[in-house]
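Q: I'd like to ask some things about the structure below.
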Protein chains: 2
Amino acid sequence: MKSLLLIAHGSRREASNEEIRQLTGKLQRHPSNDADDTSCAFLELAEPSIPDGIQQCIDRGARTVVVYPYFLSQGRHVAEDIPQEVAQKKLQHPDVEIIIANYFGSSDQVVELLAQKTSETLQQHP
Amino acid sequence: MKSLLLIAHGSRREASNEEIRQLTGKLQRHPSNDADDTSCAFLELAEPSIPDGIQQCIDRGARTVVVYPYFLSQGRHVAEDIPQEVAQKKLQHPDVEIIIANYFGSSDQVVELLAQKTSETLQQHP
């Protein structure tokens with residue numbers, strides 16, 4: 001069983017965390033998503049934490065957990081904090097494959113989408 | 001003259017700020033971007049600040065500044081901090097139109113791209 005765990009930063013504004021949970025629901029139901037299990041976790045300020053999120057995947061039967069950082073740039077959270085949290089879980093579960101995927105913003109398609117959105121945004125404010 | 005000002009969070013990791021500046025360069029050169037002027041500013045931890053970024057647009061001759069929050073969810077930064085910084089500049093420059101566009105992550109296409117990227121990510125880790 002393969003789990004996808006989307007990692008967001010987490011916010012003091014609960015509506016923002018709820019936005020991520022709803023996005024995760026959309027991802028779960030999306031036809032192109034072939035993970036057996038899709039959930040989210042937060043680096044800070046919201047639940048579940050990254051270790052708890054990974055543990056929940058394992059408890060549901062995951063043999064592979066793909067941790068996907070939903071971040072736009074490679075700041076300390078992506079470069080250091082997330083790998084640190086994941087490394088601890090790997091030590092606890094050497095039998096489970098836990099992989100950190102490239103962060104969302106690293107994709108060239110994000111730049112393309114950004115260009116498209118800025119163009120639309122400018123057209124809305126002629 | 002119309003300026004597009006991309007707002008990122010800013011990071012203690014300078015490589016992350018540089019990533020945003022390079023992205024801004026790509027946006028500036030993108031054929032679908034019809035802003036007269038494209039630059040970036042940071043909410044914190046990097047330069048220029050949002051007020052300084054807006055001021056630089058105005059100094060270059062902008063009559064309209066479209067502030068585009070490059071954020072994935074509507075946390076406090078998007079809901080409160082950016083509008084606060086912009087409101088102060090509006091008071092100083094009532095003759096300049098300063099608009100805050102919807103944040104990047106609010107687009108349905110972001111969800112679609114996320115679904116596509118997660119699918120690719122899972123295929124890379126069969």
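The values are calculated or read from the model by the stated rules, or taken from the named source; none is laboratory data. Computed from a predicted structure; not experimentally measured. Because the Cβ atoms are built from the backbone with ideal geometry, glycine has one as well, and the counts that use them run over all protein chains shown. All accessible areas refer to the heavy atoms of the entire protein, side chains included, with ligands and DNA or RNA removed. Shrake-Rupley method; radii C 1.70, N 1.55, O 1.52, S 1.80 Å.
Q: Test of understanding: among A:Leu5, A:Leu27, A:Leu23, A:Leu72, which residue is in contact with a His (Cβ under 9 Å, 6 or more places away or on another chain) and among the aliphatic types (A, V, I, L, M)?
A: It is A:Leu72.
Q: Could I ask something else about it? Of everything in region B:56-80, what is under 19 Å from B:Pro94 (Cβ atoms) and crowded, with 18+ Cβ neighbours inside 10 Å? Give them in sequence order.
A: Listed by number, the residues that qualify are B:Cys57, B:Ile58, B:Ala62, B:Thr64, B:Val65, B:Val66, B:Val67.
Q: While we're looking at this one, here's another question. Please determine, by comparing only the residues of region A:95-107 that are at the interface with chain B (Cβ under 8 Å from one of its Cβ atoms) and in a loop (DSSP other than H, G, I, E, B), which one is farthest from A:Asn17 (Cα to Cα).
A: The selected residue is A:Ser107.
Q: Filter region B:1-55 down to residues that are among the basic types (Lys, Arg) and either more than 20 Å from A:Asp108 (Cα to Cα) or in contact (Cβ under 8 Å) with a residue 12 or more places away in the chain (or both) and give me whichever is least open to solvent (accessible area, probe 1.4 Å).
A: Step by step, filter region B:1-55, then rank; the result is B:Lys2.
Q: If you check B:Ala46 against the conditions, is it among the hydrophobic types (A, V, I, L, M, F, W, C), modelled with pLDDT of 95 or more and farther than 22 Å from B:Val96 by Cβ?
A: In short, yes.
Q: Has region A:108-123 got any residue that is more than 8 Å from chain B (Cβ to nearest Cβ) and in contact with a Phe, Trp or Tyr (Cβ under 7 Å, 6 or more places away or on another chain)?
A: Checking region A:108-123: not a single residue is more than 8 Å from chain B (Cβ to nearest Cβ) and in contact with a Phe, Trp or Tyr (Cβ under 7 Å, 6 or more places away or on another chain).
Q: Restricting attention to region A:108-123, and to residues there that are open to solvent by less than 20 Å² (accessible area, probe 1.4 Å) and either charged (D, E, K, R) or more than 18 Å from B:Asn17 (Cα to Cα) (or both), which single residue is modelled with the highest pLDDT?
A: Per the stated criteria, the residue is A:Leu113.
Q: Does B:Pro126 count as over 18 Å from A:Ile7 (Cα atoms), at pLDDT below 90 and more than 7 Å from every other protein chain (Cβ to nearest Cβ)?
A: Yes, satisfied.
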